[in-house]
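A short write-up of the structure that comes next.
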Amino acid sequence: MSKPRICCDILGGVMTLPPIDHATTVDLLEPPDGACSVIIDTDTWNEVDDQFAIIHALMSPQLNIETIQAAGFHAAVRNTNSFEHGMELSYEEIERVLELSPISYEGPVLHGSRQTIAASGGEPVPSEAADNIISRAMQERDGTLYVLALGALTNVASAILMEPRIRERVCVVALGGWPYHAADFRDFNFIQDMAAAQAVFDSGVALVQVTGFGVSELLSTTRWEMVEQVKGRGKIGDYLFQLYEDFVKEYPGRGKPIWDIAPVAWLLNSDWFRTHVEAAPILNDDLRYIRQATRHPMRIVDWLDRSAIFSDFFEKLHRNT
């Protein structure tokens, strides 16, 4: 594993990186037109939705999944004792999901950061995952490399801080934050490593933000739908159903968002989404979005077509099991 290469200046506690031409960023923010290359960065053990996202991606031939890598997290509800422990549990869960998958995956599964950027004093955290993002981003390729960030942004931010040139070669599709009219970004993924989220938003990298509440929460499903569409659909269907049933207390009207299939779905068909491009906000220490018109552009997802996305997932699951 390489040592971190700090290629940025710290002025008054604020990270500054060499600027990127806004036209380059806007081009990178475009959704793929056909096949594309993908890295999945996932805190798979945190909930039950990352497992659905991995399977959805594997069942979609237009996605060339180059790597699946574990992101850290720490949550009492999942009985973790540290950020590193969450990463290790996520790594093990990725392996379980791949073993049950109806579609084989030949690429590597990698360990992510063992601590947060916040815990490292703002320094990037070296890991297999961060090194992998850098090495693959710097390879010669015809199209954009998409990094699906389904958990804390530690691995992604570390890669950017270690090698800022990747900002001109990747698009990060990140799940996290609240919608902008809520004024703050109080969300599990972002506040797991605030320094990492702030670094990514400040970096100028092409960033597509899929907020949790208000957008990906539209991807709610019920136990009834899981019984009808997922249970009994091979080993993976039974596993996904059991995960859902174990995680969701059943009572009339209860639904559960499968948040993390949203970033996968945006790569599959951007027509299922409504988005806009605007200047990236500053994420301040009070968990507030601070708007600043002169900042670099990013894409924000405003709405998604829940029915189209689940129809695609269910049809592929039925066809492959």
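Observations
- Remark: S82 matches the filter, which requires a residue to be surrounded by fewer than 24 Cβ atoms within 10 Å (Cβ to Cβ) and either out of contact with any Lys or Arg (no Cβ under 9 Å at 6 or more places or on another chain) or among the small types (G, A, S) (or both).
- Search result, residues across segment 239-263 that are surrounded by fewer than 19 Cβ atoms within 10 Å (Cβ to Cβ) and among the charged types (D, E, K, R): E245, D246, K249, E250, R254
- Residues (closer than 24 Å to I103 by Cβ and in a loop (DSSP other than H, G, I, E, B)) located in segment 215-273: L219, V230, K231, G232, R233, I258, W259, D260, N269
- From A129, A182, residue being closer than 16 Å to M87 by Cα and either out of contact with any Asp or Glu (no Cβ under 6 Å at 6 or more places or on another chain) or of a type in the set (D, E, K, R) (or both): A129
- Qualifying position, being outside any helix (DSSP H, G or I), at pLDDT below 95, of a type outside the set (A, V, I, L, M, F, W, C) and farther than 20 Å from A196 by Cβ, among P4, P19: P19
- For R186: the one exception among (1) in contact with a strand residue (DSSP E or B) (Cβ under 9 Å, 6 or more places away or on another chain); (2) part of a loop (DSSP other than H, G, I, E, B): (1)
- Residues (more than 20 Å from C36 (Cβ to Cβ), outside any helix (DSSP H, G or I) and either in contact (Cβ under 8 Å) with a residue 60 or more places away in the chain or of a type in the set (F, W, Y) (or both)) located in segment 61-100: A71, G72, F73, H74, A75
- Screening I236, I300, I290, I309 for residues that are loosely packed, with under 15 Cβ neighbours inside 10 Å and among the aliphatic types (A, V, I, L, M) leaves exactly one candidate, I290.
- Qualifying residues in segment 58-76 (those that are aliphatic (A, V, I, L, M) and either touching an Asp or Glu at 6+ places or on another chain (Cβ under 8 Å) or buried (at least 24 other Cβ atoms within 10 Å of the Cβ) (or both)) - the one nearest to K316 (Cα to Cα): I68
- The one condition in (1) acidic (D, E); (2) in a helix (DSSP H, G or I); (3) more than 18 Å from the chain's Cα centre (by Cα) that E278 fails to fulfil: (2)
- Where A195 falls short, out of the listed (1) hydrophobic (A, V, I, L, M, F, W, C); (2) within 20 Å of P281 (Cα to Cα); (3) not in a helix (DSSP H, G or I): (3)
The values are calculated or read from the model by the stated rules, or taken from the named source; none is laboratory data. Source: prediction; values computed, not measured. Note that we place each Cβ from the backbone using ideal geometry, even for glycine, and neighbour counts take in every protein chain shown.
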